[in-house]
Amino acid sequence: MSECKNCKSKHLKSVINFGKMPLANDFIKSENVRKYNLEIMFCEECYLVQVKEYINHKIIFNDNYKYFSSYSKTIIENGKEYFKKITNKLQLNKDASIIEVASNDGYLLSIFKENGYNNLLGIEPTKSTAYSAIKKGINTKVEFFTYNFAKNIQKADLLIANNVITHVPDINDFIAAIDYSLNDEGIATIEFQHLYQLIKNKYFELFYHEHFTYLSLLTAKSIFNNHGLEIFDVEELQSQGGSLRLYIKKSSNKFYPISNNVEKITKKELDFKLNQFKTYSDLNKYAEQIKDNIKKHIKDKKVSGKKVICYGAPAKGTILLNYLNFSKSDIEYTVDKNSNKQNLLIPGTNIPIYSVDIIKKDKPDCIFILPWNIKEEIMEEHKYIKEWGGQFISYR
């Protein structure tokens, strides 16, 4: 019997079972692909939503990891907004020690560097993205962030961890590492997809092996408190379909009062009954309905002689296309700005990934947007498809 990866309870219930799925970012050159069971569970004790079977994180976050943050204008703009907000909120001196966990290709630390901050450290386990950051002049350690690793690095006045806490197999070790890494008056900011938004909007395609856990504020408060850390403020963000940004301090740090936002969002989660399994029980039925609707829509387009392609090769696209059982016969190809993904295949579908340049040459009738969280950016960049009567399709 499985046990909760946080509290070790055996009182787990299945939220949705996808069966065998490929790793969402395991883009390949050949048609051979590894598939693993993907089932999502709810813990009735601590309310943590989690993957039932963990895949070794070194298999998922390998040297050829293909996700590079800098390819999205939206992410860059969000980074600039974060820089302005955090430096003002904390009144950060230029010599402040700033650490970013899962720093990817260094896009965020580069913004700090451009504004005169030089005491920077990025921690990124994937060589492909870490080396990109190093080329930008960002001091980067190619390692996983663990408690033992934290003992060997500088202490932080500001520790940033965006969209990483749900990617770690041992959430308690990760939080212990944050506690160890902070100066006594240091602050950590952590962003992750908000479970409330995920369930409320039924974003089933955001469940994949790479995300070991899915957090509510309710559960996060409990876990951080167990490690002597306290959430003193929280913001709701639009990114990734709806995210939270937590502001965290040591419990001994009395400098920052607890914001009303913490109680407000916790109450919202409790009113929505995120702590009760019945809230999650209809997700599977909804996913099946979406599957039927999309398949019918694409089929109708193709029957009428329309050429349909996809835009993007995000992790959620891998899950969706595999859940739809789509292949090259359904979608001829997808396009992506990330050159590291081009000329590879979306795992499990054998759908090839090409450069966006092919759009003007091929003039497709319909473009099915997979990274729906940045669909406005995509439609603006490629509004020229209207010249030949092309249209965008988005299921969100």
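The values are calculated or read from the model by the stated rules, or taken from the named source; none is laboratory data. Fair warning: this is a prediction, and the values are worked out from it, not measured in the lab. Glycine also receives a Cβ, built like all others from the backbone with ideal geometry; neighbour counts cover every protein chain displayed.
For region 117-129, check the following and say yes or no: at least one residue is at pLDDT 95 or above and touching a helix residue (DSSP H, G or I) at 6+ places or on another chain (Cβ under 7 Å). Yes, some residue in region 117-129 is at pLDDT 95 or above and touching a helix residue (DSSP H, G or I) at 6+ places or on another chain (Cβ under 7 Å). The residue pairs whose first member lies in region 299-320 and is in the same structural domain as Leu370 (by TED's automatic domain parsing) and crowded, with 18+ Cβ neighbours inside 10 Å, whose second member is basic (Lys, Arg) and not in a helix (DSSP H, G or I), and whose beta carbons are closer than 9 Å, counting only pairs six or more residues apart or on different chains, are Gly312/Lys337; Ala313/Lys66; Ala313/Lys341.
Scanning region 253-293 for residues that are more than 18 Å from Ile40 (Cβ to Cβ) and among the small types (Gly, Ala, Ser) turns up just one, Ser259.
Filtering region 297-332 to residues that are under 24 Å from the mean Cα position of the chain (by Cα) and on the phi > 0 side of the Ramachandran plot leaves Gly312, Asn325. Of all residues in region 283-316, those being in a helix (DSSP H, G or I), within 13 Å of Ile393 (Cβ to Cβ) and of a type outside the set (Asp, Glu) number 9. Checking each residue in region 256-282 for being of a type outside the set (S, T, N, Q) and in a loop (DSSP other than H, G, I, E, B) picks out Tyr256, Pro257, Ile258, Phe272, Lys273, Leu274, Asp282. Of the residues in region 340-361, at least one is among the charged types (D, E, K, R), in the same structural domain as Ile309 (by TED's automatic domain parsing), buried (at least 21 other Cβ atoms within 10 Å of the Cβ) and out of contact with any helix residue (DSSP H, G or I) (no Cβ under 8 Å at 6 or more places or on another chain). Leu159 meets each of the listed conditions (1) within 23 Å of the chain's Cα centre (by Cα); (2) more than 24 Å from Ser243 (Cβ to Cβ); (3) aliphatic (A, V, I, L, M); (4) not in a helix (DSSP H, G or I) apart from (2).
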